[in-house]
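Sending over a structure as structure tokens; questions will come in a sec.
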Amino acid sequence: MKKQTMILMFCWMGISVTSASLAQKPHKYTTKNKSESSVFDSHMKQCFKNNVLRCDSCDTLAVRGYLVDQINKTSNNKKSYARICSFMNIYHSWLILSLCASNGLKRLSNDSAFLTKDTLFLQQSGFTLSGMRSTILEMAEKDKIPIWCSLWNGTVSGAPHPKKEFQPESFVSTIKAKAKAYFKTSPDEYSLDRSKHIITVSERMIQELGLFSSDKSEASLALELILPHIPESDAAFCIINKSLVSIRSIAVSDRISMK
């Protein structure tokens with residue numbers, strides 16, 4: 001009888017532990033998801049449908065509020081990754097607002113004053129939209145971060161539109177992952193012709209890498225910059241045939257002009 005009682009007791013304890021662990025799983029899952037999302041992420045889901053900016057469904061007042069919040073954070077932050085993350089979040093928010101304005105969107109009357117501004121002040125410096133983009137590229141170059149694969153310019157080609165807020169803790173890993181994805185999933189932006197030893201990349205990338213021609217010295221520099229991110233089989237081929245490889249640019253016609 002005593003033995004049976006002990007067996008029943010252990011069974012009851014096992015059921016209790018199992019029930020407790022099952023009860024905890026939904027709580028942990030919900031908390032994790034909540035911590036990984038942000039206001040910006042929800043704005044992006046609303047603004048983009050099938051990877052295209054839908055100005056008619058974009059809540060410009062909410063995006064503007066997020067942008068102002070990022071500006072305030074930047075004023076108090078001088079750390080490298082935190083600063084560049086804020087700059088990128090501000091740039092993308094500002095670009096979306098500008099595109100909505102250029103499409104005649106004035107869903108909320110009190111947005112109109114902000115949308116007509118062509119200069120923003122960050123840390124006592126004035127920036128235009130294109131000036132901010134250049135600054136972000138310069139900041140990334142100092143840290144050797146391939147930012148060109150993540151800095152959207154408002155078009156369907158080139159770097160993809162932003163889907164999530166950039167955060168200092170995951171900034172480097174996110175950018176590197178985006179670079180690898182860019183070369184694997186953008187055949188119109190990158191290709192390798194092994195028979196002719198020619199790499200073709202988008203003209204935007206050539207410009208943002210600071211290259212202006214396709215001579216051998218610049219081809220070598222471009223190759224050095226993109227090798228860590230292109231598919232491994234392509235990288236191996238380029239390393240073996242480095243002296244023969246040349247770089248060509250792909251002309252893209254859907255670029256927008258940024259004032």
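Just order 169-176, 199-206 by mean Cβ neighbour count inside 10 Å, highest at the front, would you?
199-206, 169-176
Listed here are the pairs Lys73/Lys180; Lys176/Lys242; Lys144/Lys180; which of them are more than 27 Å apart at the Cα?
Violating the 27 Å limit, Cα to Cα: Lys73/Lys180.
Please give me the summed charge of the neighbours of Lys144: other residues whose Cβ is under 13 Å from its Cβ, Lys and Arg +1, Asp and Glu -1.
-2
According to a simple spin-label model (label point 7 Å from Cα along Cα-to-Cβ), what is the distance in nm between Ser170 and Glu138?
3.0
Sorting check: for 181-193, 148-160, which peptide has the highest mean count of neighbouring beta carbons within 10 Å, and how do the rest follow?
Answer by packing, highest mean first, reads 148-160, 181-193.
Could you calculate the contour length gain from Leu221 to Ala251, that is, 0.36 nm times the residue separation minus the distance between their Cα atoms, to one decimal place in nm?
Extending this stretch completely gives an extra 8.8 nm.
Can you tell me the length gained on complete extension of the stretch Thr200 to Ser38, counting 0.36 nm per residue apart and subtracting the Cα distance?
54.7 nm
Give me the distance in nm between label points sitting 7 Å out from Cα along the Cα-to-Cβ direction at Asp69 and Asp188, one decimal.
Simple spin-label model gives 3.4 nm for this pair.
Hey, can you rank 128-137, 93-102, 239-248 by average C-beta count inside 10 Å, highest first?
Output ranking for 128-137, 93-102, 239-248: 93-102, 128-137, 239-248.
If you don't mind, another one. So for the pair Val156, Ser80, with labels modelled 7 Å out along Cα→Cβ, what separation do we get in nm?
So the two model labels end up 3.8 nm from each other.
The numbers here are math on the coordinates, done by the rules we state, and not lab data. Just so we're clear, the structure is a prediction, and the values are computed from it rather than from any experiment. Ideal geometry is used to build each Cβ from the backbone, glycine not excepted, and the neighbour counts take in all protein chains shown.
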